[in-house]
Amino acid sequence: MRLQLLTAGESHGPGLTMILEGMPAGLPLDEDTINRDLARRQHGYGAGPRMKIEQDRARLLGGVMDGKTTGAPLSVFIENRDHSRWKDKLIQRFTVPRPGHADLSGVLKYGYDDLRPALERASARETAARVAGGAICRHLLAQFGIRIGGYVISIGEIRADLQALPLEERIQRALTSEVACPDEAAAQAMQARIREIMQARDTLGGVIEAIALGVPPGLGSYVHWERRLDARIAAAVMSIPAIKGVEIGPAFENTTRPGTQVHDPILLADADLYRPGVNSGGLEGGITTGQPIVVRAAMKPIATTLNPQRSVDLAEGREVETRYERSDFCPVPRAVVIVEAMLAFVLADALLEKLGGDSLAEMLPRFAALPRGRLGDVHLREDDPVFWRSEGQA
Ligand SMILES: Cc1cc2nc3c(=O)[nH]c(=O)nc-3n(C[C@H](O)[C@H](O)[C@H](O)COP(=O)(O)O)c2cc1C
Ligand SMILES: C=C(O[C@@H]1CC(C(=O)O)=C[C@@H](OP(=O)(O)O)[C@H]1O)C(=O)O
């Protein structure tokens with residue numbers, strides 16, 4: 001692993017800190033590049049009142065001089081505006097854990113006398129810092145023509161029909177949709193469904209798809225388990241709060257069809273290799289194939305519901321109903337950019353591994369020289385100058 005992304009800070013503390021270590025020198029970087037993604041994370045139908053209070057802005061505090069990265073760790077600070085509303089108030093102890101949140105598991109693990117420290121750090125407020133790091137990774141990838149986007153493919157039982165829509169267009173359309181869904185009819189139905197669930201005092205989950213375009217073949221490896229790029233992507237995406245399932249391509253749907261209908265054929269077009277379809281999700285043997293990368297993330301309905309759920313007051317030792325505190329209803333649309341951020345981080349890490357180098361200037365020519373998955377990039381013909389013959393092979 002070349003890159004490291006660390007975050008610190010509580011949901012209602014003064015703010016969040018992000019440190020990104022391992023970025024090359026010479027990448028032009030300003031706060032606006034980060035702020036664009038931060039704004040996307042705050043936007044989306046189904047968000048709770050907190051998103052009206054916060055106006056996430058990045059303060060770049062380290063690793064950039066004269067508008068370019070220096071190769072030193074990058075440090076970003078994001079203020080929690082909500083902090084000023086709480087800081088001088090007496091905050092009541094929180095003693096009734098919400099089923100599905102980290103309240104009970106956190107208190108069992110750390111032995112707090114209040115559930116608040118658990119929810120403060122488990123809260124998805126921390127993903128603002130990750131999105132800041134992801135925006136920088138996305139910006140690095142863009143220098144090599146690699147683009148990342150995402151969209152919602154289902155909310156509750158409502159599914160988008162995206163079969164006929166090119167990947168590029170899906171990304172663009174999602175950017176202007178209130179629920180980040182490129183299928184307009186489905187988007188309307190999703191919005192209505194979220195409205196319904198809010199009125200029913202409940203919450204709803206959904207599925208997000210993130211894609212990466214322009215990724216070269218050869219990132220990741222099968223030689224050891226932790227180098228398989230599909231595994232690294234899955235772990236990074238699964239680390240997002242409330243994400244409980246990750247697929248590479250349509251993995252679960254692929255299980256319902258025979259192999260001959262699943263695997264993307266290897267064809268020749270104009271005497272060059274060509275892979276139609278993306279059933280592989282762009283990865284074979286833990287290595288990128290040069291096709292688009294397609295990742296899906298399943299988000300559970302969040303834990304905090306206006307309708308009470310059964311729990312126990314841990315201070316009083318008796319069964320009670322949960323007590324509601326301000327919350328999102330369906331944060332699936334605004335979680336799209338978080339999935340993108342985690343994908344961007346893993347791909348930037350894999351690209352740095354592949355290319356090495358301390359500066360962007362060193363990396364660019366190395367990238368230009370990478371094999372692109374053409375027939376001429378493989379050396380299986382015996383008259384090829386780089387034909388590799390194992391000893392004893394006839
Ligand atoms: C963008 C986003 C917003 C979230 N908002 C809430 C929320 O308002 N209320 C809540 O109970 N959970 C919310 N969650 C989910 C909790 O943070 C998560 O369920 C909790 O940390 C427990 O972790 P786990 O669900 O991964 O086990 C949100 C998650 C994300 C990604
Ligand atoms: C603050 C954010 O999301 C929060 C994530 C969250 C949770 O439990 O995960 C609970 C809510 O916090 P609060 O109780 O302060 O309203 C969300 O608003 C954010 O995304 O920036």
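The values are calculated or read from the model by the stated rules, or taken from the named source; none is laboratory data. Predicted model only: the values in this text are computed from it and were never measured. Using ideal geometry, Cβ is built from the backbone for each residue, glycine included, and neighbour counts are taken over all protein chains shown. Quick note on the areas: whole protein, heavy atoms, side chains included, nothing else; ligands and nucleic acids left out. Shrake-Rupley method; radii C 1.70, N 1.55, O 1.52, S 1.80 Å.
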Residue set Ala160, Ala128, Ala122; condition buried (at least 24 other Cβ atoms within 10 Å of the Cβ) and either acidic (Asp, Glu) or within 16 Å of ligand 1 (Cβ to nearest atom) (or both); output residue Ala128
Could you please find all residues in segment 88-98 being away from ligand 2 (no atom under 13 Å from the Cβ) and either free of Cβ contacts under 8 Å to residues at least 12 places away in the same chain or under 25 Å from Asp202 (Cβ atoms) (or both)? Asp88, Lys89, Leu90, Gln92, Thr95, Val96
Considering only residues that are farther than 22 Å from Leu267 by Cβ and open to solvent by 60 Å² or more (accessible area, probe 1.4 Å), which ones fall in segment 364-380? Leu364, Pro365, Arg366, Ala368, Ala369
Inter-residue pairs, beta-carbon under 9 Å, first farther than 7 Å from Glu126 by Cα and in segment 9-20, second of a type in the set (A, V, I, L, M, F, W, C) and at pLDDT below 95, 6+ apart: His12/Trp86; His12/Ile91
Condition test on Leu140, is it closer than 30 Å to Gly13 by Cβ, within 16 Å of ligand 1 (Cβ to nearest atom) and buried (at least 18 other Cβ atoms within 10 Å of the Cβ)? no
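Here is a yes/no grid of residues against (1) exposed (fewer than 14 other Cβ atoms within 10 Å of the Cβ); (2) of a type in the set (Gly, Ala, Ser):
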{"residue": "Ala210", "(1), (2)": "no, yes"}
{"residue": "Leu213", "(1), (2)": "no, no"}
{"residue": "Pro217", "(1), (2)": "no, no"}
{"residue": "Glu226", "(1), (2)": "yes, no"}
{"residue": "Ala231", "(1), (2)": "no, yes"}
{"residue": "Pro241", "(1), (2)": "no, no"}
Which pairs have Cβ atoms under 6 Å, sit 6 or more apart or on different chains, and link a residue in segment 299-313 that is closer than 19 Å to Gln199 by Cβ to one that is away from ligand 1 (no atom under 13 Å from the Cβ)? Leu306/Arg201; Asn307/Arg201; Pro308/Glu321
Those residues of segment 131-147 that are touching a Ser or Thr at 6+ places or on another chain (Cβ under 8 Å) and hydrophobic (A, V, I, L, M, F, W, C) come to a total of 2
Determine which single condition Leu74 fails, assuming it passes every other condition in (1) within 16 Å of ligand 2 (Cβ to nearest atom); (2) open to solvent by less than 10 Å² (accessible area, probe 1.4 Å). (1)
Can you name the residue in segment 38-60 that is farther than 26 Å from Ala192 by Cα and more than 10 Å from ligand 2 (Cβ to nearest atom) and, of all such residues, is surrounded by the most Cβ atoms within 10 Å (Cβ to Cβ)? Ala58
I need the full set of residues from segment 35-67 which are under 18 Å from Arg130 (Cβ atoms) and among the basic types (Lys, Arg), in order please. Arg36, Arg40, Arg41, Arg50, Arg57, Arg59
Scanning segment 256-277 for residues that are assigned to a loop (DSSP other than H, G, I, E, B), touching a strand residue (DSSP E or B) at 6+ places or on another chain (Cβ under 8 Å) and open to solvent by 40 Å² or more (accessible area, probe 1.4 Å), which turns out modelled with the highest pLDDT? Ile266
Need pairs with beta-carbon distance below 9 Å; first residue within 21 Å of Glu353 (Cβ to Cβ) and within segment 225-248, second more than 16 Å from ligand 1 (Cβ to nearest atom) and at pLDDT below 95; sequence gap 6+ or separate chains. Glu226/Met1; Arg232/Met1
If you go through Glu247, Glu253, the only one that is under 19 Å from the mean Cα position of the chain (by Cα) and either part of a strand (DSSP E or B) or surrounded by fewer than 16 Cβ atoms within 10 Å (Cβ to Cβ) (or both) is Glu247
Quick one: in segment 306-337, which of the residues that are under 14 Å from Gly205 (Cβ atoms) and not in a loop (DSSP other than H, G, I, E, B) is most open to solvent (accessible area, probe 1.4 Å)? Arg334
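A quick yes/no check of all residues on (1) at pLDDT 95 or above; (2) more than 14 Å from ligand 1 (Cβ to nearest atom); (3) over 25 Å from the mean Cα position of the chain (by Cα):
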residue	(1), (2), (3)
Arg36	yes, yes, no
Gly44	no, no, no
Asp66	yes, yes, yes
Ala72	yes, yes, no
Pro99	yes, no, no
Leu104	yes, no, yes
Leu115	yes, no, yes
